[in-house]
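The values are calculated or read from the model by the stated rules, or taken from the named source; none is laboratory data. Predicted, not measured: the structure shown is a model, and the values here were computed from it. Neighbour counts are summed over all protein chains in view; Cβ atoms, including those assigned to glycine, are modelled from backbone coordinates with ideal geometry. These area figures cover heavy atoms from the full protein model, side chains too; ligands, DNA and RNA do not enter into them. Shrake-Rupley method; radii C 1.70, N 1.55, O 1.52, S 1.80 Å.
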Amino acid sequence: MCGIVGYVGSKKATPILIDGLLSLEYRGYDSAGIATIENDVIKVMKDKGRVNNLNNLEGINDLVGTIGIAHTRWATHGKPSKENSHPHMDNSGKFAVVHNGIIENYSDLREFLTSKGYTFISQTDTEVIPNLIHYYYTNGPVSVIEDTKEKFLGAVKSAIYDLKGSYAIEVISTILPDEIIVVRKDSPLVIGKGNGENYIASDIPAILKYTKEFYLLDDNEFAVIEKDSIRFFDNSLQEHNRAIKNIDWDANAAGKDGFEDYMLKEIFEQPTAIRETIGSRFRLGEKCSFDDIEISKEYLQSINKIFIVACGTAMHAGLVGKALIENLCKIPTEVDIASEFRYRNPLIDEHTLCIYISQSGETADTIAALKLAKAHGAKTLAISNVIGSSITREADYSIYTHAGPEIAVASTKAYTSQVVLISILAIYFAEVLGSSSETVLEELKSDLIDLPSKVEKILDDTEVIKAFAKKVYAEKDMFFLGRGTDYNVALEGSLKLKEISYIHSEAYAAGELKHGPIALIENGVTVIGIITNPNLLEKSISNLQEVITRGAKTLIITNQILPNGHFDYVINIPETNPLISPILSVIPMQLLAYYISKQKGLDVDKPRNLAKSVTVE
Ligand code: G6P
């Protein structure tokens, strides 16, 4: 949601900025723009629409500035338009700003600036920022400072001090045309160190091809970036040093690698992502261990409740996590949506452990929900795919999935890796607590180890799914039914379908069907059933029989032996422990959503209105 790129060096900035924006396209956006400085004049080029449209703007190829900032906007305040696109400038044309986040008190600031004679071109919250900087540069408390460098940074700091909300901000100015000032709070921003050039981006993959050395800014930390230096300041502008982080991701991992779409590539990367996530965390016959955390038996025994909090797909992974933790560790576990959790006064104290799952580690509601738990004295544990992301920096403990960069908006390999990691965590807790028999835990470990080859087996034959997608792609409604973890994964299958095929769908606990949704079942409606738990086999078949009787067309994803001739389509998947079967049963549903979307000619990787990383509430 909104993407930021910056460059300062000796090369022409525009192509680097546009390239960076293209890498951030997956975050979701509706407008794009860049600003560079040439001969002490800021040149802004922006418009609504795709990043590639920037290349068609008159004069874009003539920009020779070697410093610049760039932005993809996901509209919040003001509709997508050229005026509302970033960068925004102040009235004097001395400052240009791009911003990701939301300024909650922007109307008050706008009113204040208007009373001082400033005018506004856009409806955005962002436009107050360059004008506030100008205000402080000329009139504010820093006006007494003689040194221009200090004065510019001081003006930015004073402006930031007035902002309420979340932000990652880049500022350039004609006053000091060789530097970019950045600051962040609750919105992502990384700085990549080059040789005689430096880069800024919302996330690491966007600039991974230029550098593997990164600085990760803290909340309320400022950086002043020139081509040969990067300086860091705290929020009282005291300079300090910051350690560099080497990121060992493969730059190609962020490319499409011959696949038509990122989503398809990421679906096929799941065997590797699962293997990497298991890594060396356990071997058969040995106890699980996490390099990153050590949690004592005394602490776990003091816990009387676990909350798993997340959004979207990550929340669906959390539902499977609940089943695992309750079964193996016997600790009552609740799963909540972060945007609900943070405002519902949840009962949290020092005997509660709160686990947060977030692929990006930057989801605004998840971060806020984590801060809330900390404020109530609970310990927090983050599960993320991005090293150094905001939630991992806030949490008491952090563990990582090793899925590699996930670019497609619809999450696939992050989900399966999250379920794998939370399975290992549950086994680890159970081993520390002694709450499950060794045999049960060893069998589950063995099932986890077998998962990658089982996923490969499912991916080897996608023909039935493709054929089914061709049959149903024009439908308006679909239903997903399951019981237990089959219901949990049904929710994820239904979400995938909505996200990328724009078909309305509902996931229901199969036993709940009769309490309402069965009224919607009529001749020809598609129902997808998931059956992987032998203990629930008969009950699940009965529920599906009820929809068949009412004319539904059925596709069943199963690892059980079903009665012959009962269902229209059956996809057989390998057997595994029902607690982790979502890792296998989700794959046909990911592929189904993918092939339906392709059949409809939609943009699979960048579905309308959606953002990969939801950095605002
Ligand atoms: C957005 C994405 C989803 C993702 C959710 C949570 O809605 O489109 O794919 O599941 O955010 O993201 P997170 O990064 O916190 O896992």
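Test of understanding: among D261, D292, D257, which residue is free of Cβ contacts under 8 Å to residues at least 24 places away in the same chain and under 24 Å from the mean Cα position of the chain (by Cα)?
After applying the criteria, what remains is D257.
Looking only at residues that are without any contact (Cβ under 8 Å) to a residue 60 or more places away in the chain and of a type in the set (K, R) in region 53-85, which one is farthest from S10 (Cα to Cα)? Quick ask: steps written out before the conclusion?
In the first step, residues of region 53-85 are kept if they are without any contact (Cβ under 8 Å) to a residue 60 or more places away in the chain; the result is 53-65, 75, 77-85.
If we keep only those that are of a type in the set (K, R) as well, we get 79, 82.
Working: K79: 36, K82: 29 Å.
Among those residues, the one meeting the criterion is K79.
List the residue pairs whose Cβ atoms are under 6 Å apart, where the first residue sits in region 352-364 and is under 17 Å from V335 (Cα atoms) and open to solvent by less than 10 Å² (accessible area, probe 1.4 Å), the second is within 7 Å of the ligand (Cβ to nearest atom) and at pLDDT 95 or above, and the two are 6 or more positions apart or on different chains.
Listed by first residue and then by second, the contacts come to Y356/T366; I357/A310; I357/A314; S358/A314; S358/T366.
Going through A426, A403 one at a time, which residue ends up being away from the ligand (no atom under 13 Å from the Cβ) and buried (at least 24 other Cβ atoms within 10 Å of the Cβ)?
A426
I need a count of the residues in region 542-587 that are among the β-branched types (V, I, T) and open to solvent by 30 Å² or more (accessible area, probe 1.4 Å). Steps first, please.
Pass one, region 542-587, residues among the β-branched types (V, I, T): 547-549, 554, 556-558, 561, 570-571, 573, 576, 580, 583, 586-587.
Keeping just the survivors that are open to solvent by 30 Å² or more (accessible area, probe 1.4 Å) gives 548-549, 561, 570.
The total comes to 4.
Which of the residues belonging to region 598-607 are more than 12 Å from the ligand (Cβ to nearest atom) and either touching a Gly at 6+ places or on another chain (Cβ under 9 Å) or part of a loop (DSSP other than H, G, I, E, B) (or both)?
Across region 598-607, the qualifying residues are K600, G601, L602, D603, V604.
Examine region 116-136 for a residue that is of a type outside the set (S, T, Y), open to solvent by less than 10 Å² (accessible area, probe 1.4 Å) and touching a Pro at 6+ places or on another chain (Cβ under 7 Å), and state whether such a residue exists.
No, that holds for no residue.
What is the number of the single condition among (1) within 16 Å of the ligand (Cβ to nearest atom); (2) open to solvent by less than 10 Å² (accessible area, probe 1.4 Å); (3) among the β-branched types (V, I, T); (4) not assigned by TED's automatic domain parsing to the domain that holds Q545 that V455 does not meet?
(1)
Looking at region 212-239, which of its residues are open to solvent by 60 Å² or more (accessible area, probe 1.4 Å) and more than 20 Å from L24 (Cβ to Cβ)?
Within region 212-239, D218, K227, D228, R231, N235, S236, Q238, E239 meet the criteria.
Check off (1) under 21 Å from A467 (Cβ atoms); (2) surrounded by fewer than 23 Cβ atoms within 10 Å (Cβ to Cβ); (3) at pLDDT 95 or above for S501 and give me the number that stays unchecked.
Only one criterion in (1) under 21 Å from A467 (Cβ atoms); (2) surrounded by fewer than 23 Cβ atoms within 10 Å (Cβ to Cβ); (3) at pLDDT 95 or above is unmet by S501, namely (2).
For region 556-564, check the following and say yes or no: at least one residue is free of Cβ contacts under 8 Å to residues at least 40 places away in the same chain, over 33 Å from the mean Cα position of the chain (by Cα) and assigned to a helix (DSSP H, G or I).
Taking every residue of region 556-564 in turn, none turns out to be free of Cβ contacts under 8 Å to residues at least 40 places away in the same chain, over 33 Å from the mean Cα position of the chain (by Cα) and assigned to a helix (DSSP H, G or I).
Which condition number in (1) more than 16 Å from the ligand (Cβ to nearest atom); (2) closer than 30 Å to R342 by Cα; (3) in contact with a His (Cβ under 9 Å, 6 or more places away or on another chain) is the one that P582 fails?
(1)
Go through region 45-69 and give me each residue that's within 20 Å of S122 (Cα to Cα) and open to solvent by 50 Å² or more (accessible area, probe 1.4 Å).
Matches in region 45-69: D47, K48, R50.
Determine, yes or no, whether T366 is within 15 Å of the ligand (Cβ to nearest atom) and of a type in the set (S, T, N, Q).
On the way: within 15 Å of the ligand (Cβ to nearest atom): yes; of a type in the set (S, T, N, Q): yes.
In short, yes.
How many residues are within 15 Å of the chain's Cα centre (by Cα) and open to solvent by less than 20 Å² (accessible area, probe 1.4 Å) if we restrict to region 366-396?
The total comes to 11.
Can you name the number of the only condition in (1) open to solvent by 10 Å² or more (accessible area, probe 1.4 Å); (2) modelled with pLDDT of 90 or more that A75 fails?
(2)
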